[in-house]
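Have a look at the structure below before the remarks.
The values are calculated or read from the model by the stated rules, or taken from the named source; none is laboratory data. Since the structure is predicted, the reported quantities are computational estimates derived from the model, not experimental observations. Glycine also receives a Cβ, built like all others from the backbone with ideal geometry; neighbour counts cover every protein chain displayed.
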Amino acid sequence: MTQVNHQQWGQVLGLGSVDMWILQSSQLRVEVLTLGAVIKSVCCRGKHGQMEDVVLGYDDLEVFSGQVSGVNLEFW
């Protein structure tokens, strides 16, 4: 069975609150941010049954929102 949850993930100056939606089953977990529908992570079971993140992403909201110097994200 798939579970769907959401939680507040942070605040972006000038844009407001950013939530993270989590869709999870026994084989897959997907985290999507409300900041432009960014896929934060996709975890799936690996060869030996362990959950592994297969998305190249960031752990901090500041990087996703472009508030960190030296990081150029132009996806909007």
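Report whether or not LYS40 is in a loop (DSSP other than H, G, I, E, B), under 24 Å from MET1 (Cα atoms) and of a type in the set (D, E, K, R).
Judged against the criteria, LYS40 is not a match.
State all residues of the stretch 1-22 that are exposed (fewer than 12 other Cβ atoms within 10 Å of the Cβ) and of a type in the set (Val, Ile, Thr); if no residue qualifies, say none.
Passing the criteria: THR2, VAL4.
For the stretch 59-76, name all the residues that are aromatic (Phe, Trp, Tyr) and either exposed (fewer than 14 other Cβ atoms within 10 Å of the Cβ) or modelled with pLDDT of 65 or more (or both).
PHE75, TRP76, listed by residue number.
Here's a check for you: in the stretch 23-35, which residue that is touching a residue at least 12 places away in the same chain (Cβ under 8 Å) and exposed (fewer than 13 other Cβ atoms within 10 Å of the Cβ) is farthest from GLN50 (Cα to Cα)?
Here the residue is SER25.
Name the residues in the stretch 34-58 that are in contact with a Ser or Thr (Cβ under 9 Å, 6 or more places away or on another chain) and at pLDDT below 80, would you?
GLY57
For the stretch 7-34, give me each residue that is under 13 Å from the mean Cα position of the chain (by Cα) and not in a strand (DSSP E or B).
Once the filter is applied, which keeps residues that are under 13 Å from the mean Cα position of the chain (by Cα) and not in a strand (DSSP E or B), the stretch 7-34 yields only THR34.
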